[in-house]
Structures are given as structure tokens and as C-alpha cells.
Amino acid sequence: MRETALRRGLLFLFLLLGLALSALTRPLAPRLTLALSPLTAPLPAWGYRLGQNLKAALSALANRQDLYGENRALRAKVALLEAENKRLALKVNQLERALRVRQSQAPGLWAVAPVVGEDLSGLYRRLVLGLGERDGLRVGMPVTAPEGLVGLVVEVEERRALVRTLLDPESQVGVRPEKAPGRGIARGAPPGHLVAEFPPSVRLNPGDLLLTGAPLGLFPDGIPVGRVERVERSPGGLKLRAWVRPLVDLSLLEEVMVLRPL
């Protein structure tokens, strides 16, 4: 009984305290609301602005990623266009060289062949071409370049051909001076000269240009061969001998023009 009475008394006491606190704080409630409202009012605006800024930042980041992707794609396209431009420039240069050969040396141009190898041994000076029988190349075809005569096709495989150059010791070319009558035969004299022999009556001087002539009938007439560096008479004076520097530098050749055989 005493415990029940005690519980009831405590409950009644708490009820009185609650009523008293309510009566005391009711006049202060409007003041607290007015005091806190200036502090809490900007919070929604700040939250909205923060959300908009985050949205704009994410959008800018996405746009930047798109720009990076477009930039990479454009760079790849530019690289492809530059490579294609170089290929076309090389093709145009090749066609121009072939046209010069056709116009100045021989109309019977057959093919433009890449030089894929060279024999630089002490005995032979020969070139390997990247075209062969399947491309129409045959033994006996003259080989030239815009600068002048290169040599003669002497062996042909399906995809390759061997050229005996002017500097090869087995090479023989009929030659004539550009500005004087007379004909002779030039032979290879490795490593870098030809030796041409003429009748003693031929007028020949250092610096003269020699062209292909008709004695051997292997090459079209009028193709530049080389320039005379030195002239001497053979023992007994029966022949005029000239040391000739070829116009074509074999070590720099990347492609040659193959002519129809005579």
C-alpha cells in the first residue's frame, strides 16, 4: 500500500512540474523562433546553390572527358591524313621521275621498280630489284634513273630481278660524246668509274658528257652515262682512253626505271 501511494505521489509531482514548465516556457517560444529564424533561413538557399554547383561541376567534368575523347580522335585522324599525304607525295615524286625518264631518255618505260638489295663486293656491282617475272620483267631490259643509265637486267626470278650496273667489270656500254662525233665502248672499272675507249681521232676532254650510243645495241640512244674525268692515249696511240664518273650514285638509289628491251 505504501509503495502504491508513493508511486502515485511521484506521478502527481511530475505532472505538476510539467505544467509549471509549460506555463513558464510558453511566453519564450515566439522569441526563440524569431531568434533562430535568421540563422536557419539561409540553409535551404545554400543547399540549393550547392546542388546547382555540384551539378554544373559534374557536367563540366563530363564535357571535358568528351573533349579529351574528341581530341584523341582528331589527333588520330590528323596522323592518318599526314601519312596519306606523305604516301601521295612519294607517289607524285615517283610519277614525276618516271615522266622525266619517258620524256628525256626513252618512251619505252615499262615499270618503276624498288631497289631492295645491292652487291658491293669487290668483283661485282649489281642491284636487286623488288619486281620480277610476274611483273613483266625480262632479261635484257635496260635500267635507268632520271640522272642517267644504271645498267641491264641479267637475271629474273618470280618476284626479283638482278641488274648488272655500269660499274660491274662485266658491263659494256656503247657510248658517244654529247657534243662531238665518235663512238666507243665503256666498261666497268670498280669501285666507282667506267673506262671508255674511242678511236684516237675523237675529240674528248675532261668534263664532257657521254651518252649511250649504238655500237652494242643494248640501250636506247641518248641516255646520259657519265662525265669524263681524265683522258689519256693508250700505249702506241691506237686508242683514246677516258676515265668516266657515272652520273648515278648507286648507293643512293631507292628505285629505278625499267625500259622495254630493244
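The values are calculated or read from the model by the stated rules, or taken from the named source; none is laboratory data. Please read all numbers here as calculations on a predicted model, not as lab measurements. As a convention, Cβ positions derive from the backbone with ideal geometry for all residues, glycine included, and neighbour counts pool all protein chains shown. The area values use the complete protein model at the heavy-atom level, side chains included, leaving out ligands, DNA and RNA. Shrake-Rupley method; radii C 1.70, N 1.55, O 1.52, S 1.80 Å.
Bin width 5 Å, origin at 0, all Cα-Cα pairs of region 128-233: what percent of pairs per bin?
2, 13, 22, 23, 17, 10, 6, 4, 2, 0
Taking Cα pairs under 8 Å and at least six residues apart, what relative contact order does region 132-209 come out at, in percent?
Numbers: 146 pairs, mean separation 15.4, N = 78.
It rounds to 20 percent for region 132-209.
To one decimal place, what orientation-averaged projected area in nm² is obtained for the convex hull of the Cα set of region 108-171? Please report the intermediate quantities before stating the final value.
Working: hull surface 16.6 nm².
That works out to 4.2 nm².
Based on the alpha carbons, how large is the Rg to Rh ratio for region 205-254 when Rh follows Kirkwood? It would help to have the intermediate numbers written out before the result.
Working: Rg = 13.1 Å, Rh = 12.5 Å.
Radius of gyration over Kirkwood radius for region 205-254 works out to 1.05.
I'd like the FRET efficiency for residue 254 and residue 62, computed as 1/(1 + (r/R0)^6) with the beta carbon distance as r and R0 of 45 Å, rounded to 0.05. Could you put the intermediate results ahead of the total?
On the way: r = 50 Å, r/R0 = 1.12.
Calculated value: 0.35.
Can you compute 3J(HN,Hα) from phi for each residue in region 165-181, using the Karplus curve 6.51 cos²θ - 1.76 cosθ + 1.60 with θ = phi - 60°, rounded to whole Hz and x for Gly and Pro?
Here the 3J(HN,Hα) series is 7, 4, 7, 5, x, 8, 7, 9, 9, x, 10, 8, x, 5, 10, 8, x Hz.
Kindly sort 112, 139, 244 by accessible area of their heavy atoms, largest first, with the probe set to 1.4 Å.
139, 112, 244
Taking the Cα centre of region 132-246 as origin, sum charge times position over the Cβ atoms of Lys and Arg (+1) and Asp and Glu (-1), and report the length of that vector in debye to the nearest 20. Walk me through the numbers before you get to the answer.
Values: 16 positive and 14 negative charges, 92 e Å.
Here the size comes out at about 440 debye.
Multiplying the sequence separation of residue 185 and residue 170 by 0.36 nm and subtracting their Cα-Cα distance, what value in nm do you get? Don't skip to the answer; put the middle values down first.
Numbers: separation 15, 0.36 × 15 = 5.40 nm, distance 1.24 nm.
Fully extending the segment from residue 185 to residue 170 adds 4.2 nm.
Okay, which of region 216-254 sit inside 20 Å, backbone N to the point 7 Å along the Cα-Cβ direction of residue 262?
Under 20 Å, as judged by backbone N against the label point of residue 262, lie 216-227, 246-248 of region 216-254.
Amide H to amide H under 5 Å from residue 137: which residues, 5+ apart in sequence or cross-chain, H placed 1.01 Å off N in plane?
Close amide H contacts, sequence-distant or interchain: 132.
Simple spin-label model, 7 Å along Cα-to-Cβ: residue 214 to residue 55 in nm?
9.4 nm
Check residue 150: other-chain or 5+ apart residues with amide H under 5 Å from its amide H, H built from backbone geometry?
Under 5 Å from the amide H of residue 150: 143, 144, 145.
If you add up the charges near residue 233, with Lys and Arg at +1 and Asp and Glu at -1, over every other residue whose beta carbon is less than 15 angstrom from its beta carbon, what do you get?
Numbers: positive: 203, 230, 239, 241; negative: 197, 232.
Counting the neighbours of residue 233, the net charge comes to +2.
Put a dot 7 Å past each Cα toward the Cβ at residue 195 and residue 71; how far apart are the dots in nm?
6.8 nm
What residues have an amide H closer than 5 Å to that of residue 125, excluding those fewer than 5 places away on the same chain, when H is modeled at 1.01 Å from N in the peptide plane?
Distant-sequence amide H within range of residue 125: 165, 168.
Can you send over the solvent-accessible area of residue 55, 1.4 Å probe, protein chains only, in Å² to the nearest 10?
140 Å²
Roughly how many Å is it from the Cα centre of region 126-146 to that of region 234-251, as a whole number?
So the separation of the two Cα centres works out to 26 Å.
Can you put 75, 176, 183, 233 in order of accessible area, largest first, using a 1.4 Å probe?
Working: 75 165, 176 50, 183 120, 233 140 Å².
Order by accessible area, largest first: 75, 233, 183, 176.
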